[in-house]
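The block underneath contains the structure these notes are about, expressed in C-alpha cells.
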Amino acid sequence: MEAFASISHIILALPFLMFIFLGLCGNKLFKSNPNVAGWIGTAGLSVVAIVSYYIAIQYFWFEGKGSDSYQQFVLFNYEWLKMTDNLVISIGFMLDPISAMMLVVISTVSLMVHIYSLGYMHGEEGFQRYYAVLSLFTFAMMGLVVATNIFQMYIFWELVGVSSFLLISFYFIKPSAVAAAKKAFIVTRFADMFFLVGILILSYYTNTFDFLKLTAVSDGHATLVNNTMCGMTFMGLSVTSIAMFLIFLGGAGKSAMFPFHIWLPDAMEGPTPASALIHAATMVVAGVFLVARMFPVYFFEAHDVLTIIGYIGAFTSLFAAIIACTQTDIKRVLAFSTISQIAYMFVALAVSGYASEHEECLGYTASMWHLFTHAMFKACLFLGAGCIIHAVHSNEMNAMGNLRKFMPIAHITFLVSCLAIAGILPFSGFFSKDEILVAAFEHDKVLYACQAFVAGLTAFYMFRLYFRIFWYSENPAHEHHTPHEAPMNMNIPLIVLSVFTCFTWLDKVFPFFPEKITADRVGYELETNWTIAIASILVAVVGIAIAWVLYKVKNDKPDMIAGKVKCLYISASHRFYIDEIYLFITRKIIFGGICVAIAWFDRHIIDGFMNLLAWISRELSYDIRDVQSGNVQQYAMGFLLGVLAIALFAIYY
Amino acid sequence: MIPVEAYLVVSTLLFFIGVYGFFVRKNLIGILMAVELILNAVNINFVVFNRFLYPDHLEGYMYSLFVIVVAAAETAIAISIIINVYRKLSNIRVDSINELKN
Amino acid sequence: MAENLTSIDFAGLFTADNIVFCLLSAVILVCGFMSVASTKILRAATYLFFTLFAVAGLYLTLNYEFIAAVQLSVYAGGILVLLIFAIMLVKNLGTDTETTSYVNKTIAGIAALAGAVFAFITMSKYRFISNEEANDASEMIDMEMIGQTLMGTDKYQYLLAFEAVSILLLACIVGSIVVATKSKED
C-alpha cells in the first residue's frame, strides 16, 4: 500500500497545481498561443488518468481483496484543522470499491472532455481560464470521492459547486449565462445548507466526521450511530432520520432531484463539454455517491428516509422524462434525461438490501453500475450534441434534420449511446438499467411499474431526439451552409466513449466492476433475470417504434397528438411551471411580502438607530469643534486654566 | 535686607504680566516678548531661592544661566520661523496661522 | 500685631537696599506691563529692554554679578537686538497696531489675575525663611567657583548640562539658518 499512498497524492495535487498554474499564469504565458494551455491541461490530466487507472486496477485485482470482502484503505489522512480534540477536520484519501470506481469515471470523462475541448473551445476568449477551471473541477471532484470524512466531502462538495458556477458563467457577457450560474449556485447552496445542518447534527451526536467510524457495521446496525443516536427523537421524528434526510437534501440539490431540479436545465448555458463533464457525468451524481457512501447508516438506522428517497427518485424520473419528451432544445432534452437517469440511481439505492448473499444488495450494485455506464454514454451524448451544435450553430431541433449524411461519426456514436440509454441488449445501459428494474421488482412493484414506464419514455424521447437530428426532413438552411464533420480531436473522445458504452457486452470476457461493488464490499456473481430483461427490452422497443413512426420523416402526427393532450403538452413544455412557482414564491411571497417587512424594519429601526448615533456624534462634533480653532492663544488659555486647576487640586485637596 | 516674599511678589506679578501679554498680543513678536517676561520671572525665582536657601551651592544659579541660554536659542529659532511666516502670509498675526495644515 | 506695628522702625525702612529694591521692582513691573500693553511693537521692545535691565539690577542686589552680566549681555544685548531686527524686517513701523478686542483683553486679564491671586494665597499660607535664619546672603561669589561648578563633574557640578546646552545651541543655530533660508522656489 505504500506505493499507492505516495502516488495517490498525484491525483489530488496535480489538478490543483494545474489550476493554480493555468489560472495565474495562463493568460500571461500563452497569450499568443492559448492552445498550449489546453495541451498542458490535457497532459496533466492524462497523468492523473493513468494513476487513477493504475490504482483502480491494483485495488480491484490485487491489493484490495481481503479474506472475504474488499478492504477500505486510508492512503493518507492529514489533520488539517484541529479545533478541539473531537472537532478535527482532516484531508485524506480513502480507497474502497466505490471511490476506486469513481476515480475511473472522473478521470476518463474528464480526460475525454479535455481532449474534446481542444477542438470545441478552439479560439474562444478565455480558453486558458476554461482549462484552469476544468482542472479545479477535476481536483474538487477527486477530493470529494476520496474523502475520508464527511466534512472533507462537504468542502470539496462546495468546491465542485464553485467550479460548476464558474463554468456555467463561462460566457459571462451573456446575461442568460450569468442568470443560470446564479440560479445553479443559489439552488445548490440552498440545498447544501441542509447538508451542513445534517452533518452537524450527525457529528454532534457521534463526535466524529470519519466515514470509517460512521459506516462501521456489526450485528445489523451501524454501530456508532446506533449507540449514540438510537431512540432520540425530535418532534416525534427520530433524530437519525432527520439528520440523514437533511444530508440527502444536500445530495438532492447537487443531483437535481425534485424540487431542486430547476437549476440543471439552465446550467446548459455553459460550454457543452463542461456540461458533459459536470452536468451529466460526474458532479450531478455526487448526491448518489453521497447516499451510497452513507448507505449503511441509511439502511440500518434511517430506513424510512431510504423509502422516501425511493419515491422522490421515482417521481423525479417520471416527471423529468415527461418534460424531456416536449423540449426542443437538444441540450435541454439531455439535461432532463440526466435528471431522470440520476433519479433512477436513487431509486436503485432505495430498493437495495445490504448483504451480498442472495443478491440482496443488487440495487446498490446496479445503482453504482448505472452511475458508471450513464457517465459514459451521457458524456458521449453531450459531446455528440456539442459536435452537432458546432456544425449547425444552434441548439434548436428545428435547425437540424438529416445530419447523418454530413456527420457519420457523430451519427454512429450518438446512435450507440441512444441505444445504450434506451436499454437495448448489447449495450452497457441495458445491463445496468435491467439490474435496477430487477431490484425494484423484487422490492416494490409500484416502483418497478413506474421505472419500467420511464424506461419506455426514455427510449421514446432519446429516439425522438435522434430522429429529429439525424433523419426527419431536409433542412433548407443546410443548402447555404453545409454542416461538416467535427475535427479529429473532437471525434476521438466520441469514439472512445462509445467503446466504453459497448463495454459491458464484454463483461464476461473482461470482468470489470459490477460484482465487486456492493454495499458490504463482498463480491458475488451477477445473474441476469431474463424475464424482466426481455420485458424491459420490449418496452424500450415500443418507445423506439413510436419515435420512429412520429419522427422518422416529417409528418403532422406529433402536432396532432400534442393537440389531443394539449393541456399536458403545454404544461410539460413549460416544465410544469416549476420555475414559475419558484419565482412566485421568491418574488411575490418572500421578496414582496416578508422582505418588505424586514426591509422596513432594517431601514427604519436598524438604520434609524445607526442614523441616530451618527446624528448625535455629528451634532456633538459641531458643538465642540470650536475647541480646535488652531488659535495658539486659545490653547494657551486652556493650558493655563488646566495648570491652575491641577495646582488647586494638588495643593488644596 | 529684603525679605524673600518681596522678590517672590515681584516675580509672580512679572510672570502673570507675561501671561497676560501672551493672551492679548496679536503680533508674533509681541508674543515672543511676553514669553521672555515669563522666563525672566522664573529666573528671578531660581536665583532668589538659591541665594536664600543654598548660598554655598550654585544650583538655581546654574539653572537660570541655562534658561537664559535656552531662551536665546529659542528666540533665534522663533524669529526664523516668524520670518518664514511673514514670507508666506505677508503678516505675522497669530490668528492668521490657524490653518493647522500646509 | 499692634505691638508689632508700633515696634516697626519706620526710619529703618528707608535703607538704601530697600529704596533700590523698590525702584527696581517698580521699573520691572511698570515697564513689563507697558511692554505687553503698548500698541506699538517697537515701543514694546524698548520697554522690554528696561525690564530686562532692571532684572539684571535685581541680580546685583543679591550679589550675583556674573548672572547679572549674562542677563545684560545675552538678553539686553543679544536677544533684544535680534527682536528689533525681526521687527525691522517684517513690519511697516507705525502703521500696524495691535487690534485686540476688549472682551479678549478682559478675559485674559481675569485669567492672569486669577492665577496671580491663587499664587499669592498659596504664598501667604506658607512661611518662608526669614533673613535672620538665612545664611549670610551678602557674600560674593568668586568666578573660580562658578567656573568649577560649570565645568566640574562632581556633585552639584554641571558639565553634562553645559555640554547638552552647547549642542542645543549649535542645533538651534543650524536649524534657524535652515528654516529662515529662502528656498529656491520662493
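Quick look at the values:
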item: Subset tally (residues that are surrounded by fewer than 23 Cβ atoms within 10 Å (Cβ to Cβ), facing chain C (nearest Cβ under 7 Å) and modelled with pLDDT of 85 or more) for segment B:53-63; result: 2
item: Flag if A:ILE651 is more than 30 Å from A:TRP471 (Cβ to Cβ), within 14 Å of another protein chain (Cβ to nearest Cβ) and out of contact with any Pro (no Cβ under 9 Å at 6 or more places or on another chain); result: yes
item: Meets criteria (surrounded by 15 or more Cβ atoms within 10 Å (Cβ to Cβ), over 30 Å from A:PHE649 (Cα atoms), of a type in the set (Val, Ile, Thr) and modelled with pLDDT of 85 or more) for C:VAL165; result: yes
item: Residue, modelled with the lowest pLDDT, within segment B:7-17, restricted to residues that are crowded, with 20+ Cβ neighbours inside 10 Å and more than 7 Å from chain C (Cβ to nearest Cβ); result: B:TYR7
item: All positions within segment A:152-185 that are surrounded by fewer than 24 Cβ atoms within 10 Å (Cβ to Cβ) and closer than 17 Å to A:ALA286 by Cα; result: A:TYR154, A:ILE155, A:PHE156, A:GLU158, A:LEU159, A:GLY161, A:VAL162, A:PHE165, A:PHE185
item: Among the residues listed as C:VAL70, C:VAL55, C:VAL90, the single one being touching a helix residue (DSSP H, G or I) at 6+ places or on another chain (Cβ under 8 Å), over 17 Å from B:ILE44 (Cβ atoms), at the interface with chain B (Cβ under 7 Å from one of its Cβ atoms) and not acidic (Asp, Glu); result: C:VAL90
item: Scope segment A:244-292; condition within 12 Å of the chain's Cα centre (by Cα), more than 20 Å from A:PHE319 (Cα to Cα) and hydroxyl-bearing (Ser, Thr, Tyr); matching residues; result: A:SER275, A:THR282
item: Matching option when the condition is free of Cβ contacts under 8 Å to residues at least 60 places away in the same chain and under 35 Å from the mean Cα position of the chain (by Cα), among A:PHE584, A:PHE609, A:PHE576, A:PHE601; result: A:PHE584
item: Close pairs from segment A:281-299: first without any contact (Cβ under 8 Å) to a residue 24 or more places away in the chain, partner surrounded by fewer than 24 Cβ atoms within 10 Å (Cβ to Cβ) and of a type in the set (Val, Ile, Thr), Cβ under 7 Å, at least 6 apart; result: none
item: Some residue of segment B:82-102 being within 30 Å of C:GLU144 (Cβ to Cβ) and polar (S, T, N, Q); result: no
item: Among (1) more than 7 Å from every other protein chain (Cβ to nearest Cβ); (2) more than 26 Å from C:LYS105 (Cβ to Cβ) - the single one B:VAL4 does not satisfy; result: (1)
item: From A:ALA49, A:ALA56, residue being of a type outside the set (Lys, Arg) and touching a residue at least 60 places away in the same chain (Cβ under 8 Å); result: A:ALA49
item: Single match in A:VAL113, A:VAL145 (criterion: of a type outside the set (Lys, Arg), over 19 Å from A:VAL288 (Cα atoms) and crowded, with 20+ Cβ neighbours inside 10 Å); result: A:VAL113
item: Selection count, segment A:568-617, where residues are under 19 Å from A:GLN327 (Cβ atoms) and of a type in the set (D, E, K, R); result: 3
item: Check on A:GLY44, at pLDDT below 90, under 17 Å from A:SER110 (Cβ atoms) and assigned to a helix (DSSP H, G or I); result: no
item: C:LEU62, sole failed condition from (1) at the interface with chain B (Cβ under 7 Å from one of its Cβ atoms); (2) out of contact with any Lys or Arg (no Cβ under 8 Å at 6 or more places or on another chain); (3) under 26 Å from B:VAL48 (Cα atoms); result: (2)
item: Qualifying residue in segment A:440-450 (condition: out of contact with any helix residue (DSSP H, G or I) (no Cβ under 9 Å at 6 or more places or on another chain) and closer than 23 Å to A:PHE382 by Cβ); result: no
item: Filtered residue count, segment A:312-321, keeping only those that are buried (at least 20 other Cβ atoms within 10 Å of the Cβ) and touching a helix residue (DSSP H, G or I) at 6+ places or on another chain (Cβ under 6 Å); result: 6
item: Some residue of segment A:584-607 being among the charged types (D, E, K, R), at pLDDT below 85 and assigned to a helix (DSSP H, G or I); result: yes
item: The one condition in (1) surrounded by 16 or more Cβ atoms within 10 Å (Cβ to Cβ); (2) modelled with pLDDT under 80 that A:GLU527 fails to fulfil; result: (1)
item: Residue in segment B:72-94 that is within 25 Å of C:PHE21 (Cα to Cα), surrounded by fewer than 18 Cβ atoms within 10 Å (Cβ to Cβ) and not acidic (Asp, Glu) present; result: no
item: Matching residues in segment B:26-41 - criterion: being at the interface with chain C (Cβ under 7 Å from one of its Cβ atoms) and more than 13 Å from the chain's Cα centre (by Cα); result: B:LYS26, B:ASN27
item: Within segment A:75-91, tally of residues that are surrounded by 13 or more Cβ atoms within 10 Å (Cβ to Cβ), part of a strand (DSSP E or B) and out of contact with any helix residue (DSSP H, G or I) (no Cβ under 7 Å at 6 or more places or on another chain); result: 3
item: Of the criteria (1) out of contact with any Ser or Thr (no Cβ under 8 Å at 6 or more places or on another chain); (2) in contact (Cβ under 8 Å) with a residue 40 or more places away in the chain; (3) at the interface with chain C (Cβ under 9 Å from one of its Cβ atoms), which one B:ASP95 fails; result: (3)
item: Residues that are touching a helix residue (DSSP H, G or I) at 6+ places or on another chain (Cβ under 6 Å) and either farther than 23 Å from B:PHE23 by Cβ or buried (at least 18 other Cβ atoms within 10 Å of the Cβ) (or both), drawn from segment C:22-36; result: C:LEU24, C:SER25, C:VAL27, C:ILE28, C:CYS31, C:GLY32, C:PHE33, C:SER35, C:VAL36
item: Among the candidates A:THR206, A:THR228, A:THR188, A:THR223, residue that is touching a Gly at 6+ places or on another chain (Cβ under 8 Å) and over 20 Å from A:THR307 (Cβ atoms); result: A:THR188
item: Which numbered condition B:ILE77 misses (of (1) of a type outside the set (Asp, Glu); (2) at the interface with chain C (Cβ under 7 Å from one of its Cβ atoms); (3) in contact (Cβ under 8 Å) with a residue 40 or more places away in the chain; (4) under 20 Å from C:VAL90 (Cα atoms)); result: (3)
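Residue by residue, here is whether (1) at pLDDT below 85; (2) buried (at least 16 other Cβ atoms within 10 Å of the Cβ) holds:
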position	(1), (2)
A:PHE211	no, yes
A:THR215	no, yes
A:SER218	yes, no
A:THR223	yes, yes
A:ASN226	yes, yes
A:MET229	yes, yes
A:LEU237	yes, no
A:PHE245	no, yes
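The values are calculated or read from the model by the stated rules, or taken from the named source; none is laboratory data. Model, not experiment: these values are computed from the prediction. All Cβ positions, glycine included, derive from the backbone under ideal geometry; neighbour counts span all protein chains shown.
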